[in-house]
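Just below is one structure, and these are the notes that go with it.
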Amino acid sequence: MSGLLPGDPAAGVGGEATPRAHCVLAPNPSPMTLDGTNTWLLAEPGSDLAVVVDPGPLDEGHLRHVVETAERQGRRVALTLLTHGHADHAEGAARFAELTGTKVLALDPAHRLGDEGLRHGQRLEVGGLDLRVVGTPGHTADSLTFHLPADGAVLTGDTVLGRGTTMVAHPDGQLGDYLDSLRRLHTMASEHGVRTVLPGHGPVLADALGAVDYYLAHRANRLAQVETAVEAGCRTAEQVVARVYADVDRALWPAAELSVRAQLRYLEDHGLI
């Protein structure tokens with residue numbers, strides 16, 4: 001949602017990203033989804049089992065392509081995970097479960113298939129692959145990040161994108177939660193060996209700490225701009241968007257308005273406006 005870029009704007013999307021992570025790009029590009037949704041195929045080297053994170057939209061060709069990619073690697077998809085329930089990440093999950101015979105695990109019961117949910121701090125092991133579940137609410141209430149310790153990588157869904165910045169989808173998403181989630185990722189990058197961001201959209205980011213620092217600085221700057229806009233007489237979210245996001249593609253203004261509503265709520269809750 002910003003013209004500023006935490007990563008390389010020319011970087012490609014799709015293919016092998018780390019020894020354990022392969023990206024299959026969904027054919028749903030747009031101003032909001034960037035190049036399209038990154039569906040992640042994860043597996044321990046030498047294993048015949050794979051985990052898929054975010055099957056993506058309900059696109060039969062894409063879903064079958066993910067299965068075929070796993071099969072070409074000599075693997076069977078054994079588990080499906082969701083970073084959150086937005087349609088561009090999760091709409092195809094039920095059909096993908098039919099194609100693969102897998103459970104779909106998510107934080108929100110509305111998006112899981114089966115009785116099992118996911119929780120912060122949970123550890124998943126599939127075919128020797130070690131994945132840790134990290135709660136990162138804010139973009140949405142159900143947003144999760146998956147930590148791949150062996151690769152020093154995190155799969156962030158929409159919490160951190162490979163290009164630009166994300167929105168806080170108010171009222172489900174909350175800015176205070178989002179800032180806390182960014183700080184949690186900052187700690188993982190600065191103290192626990194996380195180097196690489198495998199985002200839900202856009203290219204891989206090789207400098208996780210730099211990306212999170214950028215996001216935190218961007219949020220602080222936007223908050224200050226919104227506060228200034230209110231002091232200048234802006235009374236509605238629409239008015240704030242027109243002032244603060246004047247240099248942003250108007251196609252992104254509806255998403256910007258959601259973030260502005262979250263920012264206004266945050267400022268009100270903290271007695272700053």
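Derivation of every value follows stated rules applied to the coordinates shown; laboratory data play no part. None of these values were measured; they are calculated from a predicted model. Quick reminder, even Gly has a Cβ in these numbers, built from the backbone with ideal geometry, and neighbours come from all protein chains shown.
Scanning the range 97-107 for residues that are within 18 Å of GLY157 (Cα to Cα) and either buried (at least 22 other Cβ atoms within 10 Å of the Cβ) or out of contact with any helix residue (DSSP H, G or I) (no Cβ under 7 Å at 6 or more places or on another chain) (or both) turns up LEU105, ALA106, LEU107. Of the set (1) in contact with a Pro (Cβ under 6 Å, 6 or more places away or on another chain); (2) surrounded by fewer than 20 Cβ atoms within 10 Å (Cβ to Cβ); (3) touching a residue at least 60 places away in the same chain (Cβ under 8 Å), all apply to GLU91 but (3).
Among the candidates ALA237, ALA217, ALA242, which residue alone is more than 30 Å from PRO27 (Cα to Cα), touching a Lys or Arg at 6+ places or on another chain (Cβ under 8 Å), free of Cβ contacts under 8 Å to residues at least 40 places away in the same chain and of a type in the set (Gly, Ala, Ser)?
On inspection, the qualifying residue turns out to be ALA237.
A search for C-beta distances below 6 Å between a residue of the range 119-138 that is within 18 Å of ASP180 (Cα to Cα) and touching a residue at least 12 places away in the same chain (Cβ under 8 Å) and any residue that is outside any loop (DSSP other than H, G, I, E, B) and among the acidic types (Asp, Glu), counting only pairs 6+ apart in sequence or on different chains, returns PRO137/ASP177; GLY138/ASP177.
Select, from VAL260, VAL168, VAL212, VAL248, the only residue that is more than 30 Å from ASP130 (Cβ to Cβ) and assigned to a helix (DSSP H, G or I).
VAL260
Among residues of the range 74-120 being in a loop (DSSP other than H, G, I, E, B) and over 21 Å from the mean Cα position of the chain (by Cα), the one that is nearest to ASP142 (Cα to Cα) is GLU116.
Checking each residue in the range 13-70 for being over 19 Å from the mean Cα position of the chain (by Cα) and charged (D, E, K, R) picks out GLU44, ASP48, ASP59, GLU60, ARG64, GLU68. Applying the selection to the range 53-88, what residues are hydroxyl-bearing (Ser, Thr, Tyr), surrounded by 21 or more Cβ atoms within 10 Å (Cβ to Cβ) and in contact with a His (Cβ under 8 Å, 6 or more places away or on another chain)? The answer is THR83, and nothing else. Selection over the range 36-73 of residues that are more than 21 Å from VAL204 (Cα to Cα), in a loop (DSSP other than H, G, I, E, B), of a type outside the set (Gly, Ala, Ser) and touching a residue at least 60 places away in the same chain (Cβ under 8 Å) gives a count of 1.
For the range 14-59, filtering for residues that are within 20 Å of ARG163 (Cα to Cα) and of a type in the set (A, V, I, L, M) leaves 8.
Here GLY210 fulfils each of the conditions (1) buried (at least 19 other Cβ atoms within 10 Å of the Cβ); (2) within 23 Å of GLY14 (Cα to Cα); (3) over 16 Å from the mean Cα position of the chain (by Cα) apart from (1).
Taking VAL241 as the residue in question, decide whether it is assigned to a helix (DSSP H, G or I), aliphatic (A, V, I, L, M), crowded, with 19+ Cβ neighbours inside 10 Å and touching an Asp or Glu at 6+ places or on another chain (Cβ under 6 Å). Criteria met by VAL241. Residues in the range 186-238 that are farther than 19 Å from GLY152 by Cα and among the β-branched types (Val, Ile, Thr): VAL226, THR228, VAL230, THR236.
In the range 250-263, of all residues being aliphatic (A, V, I, L, M) and farther than 14 Å from ASP177 by Cα, the one that is surrounded by the fewest Cβ atoms within 10 Å (Cβ to Cβ) corresponds to ALA251.
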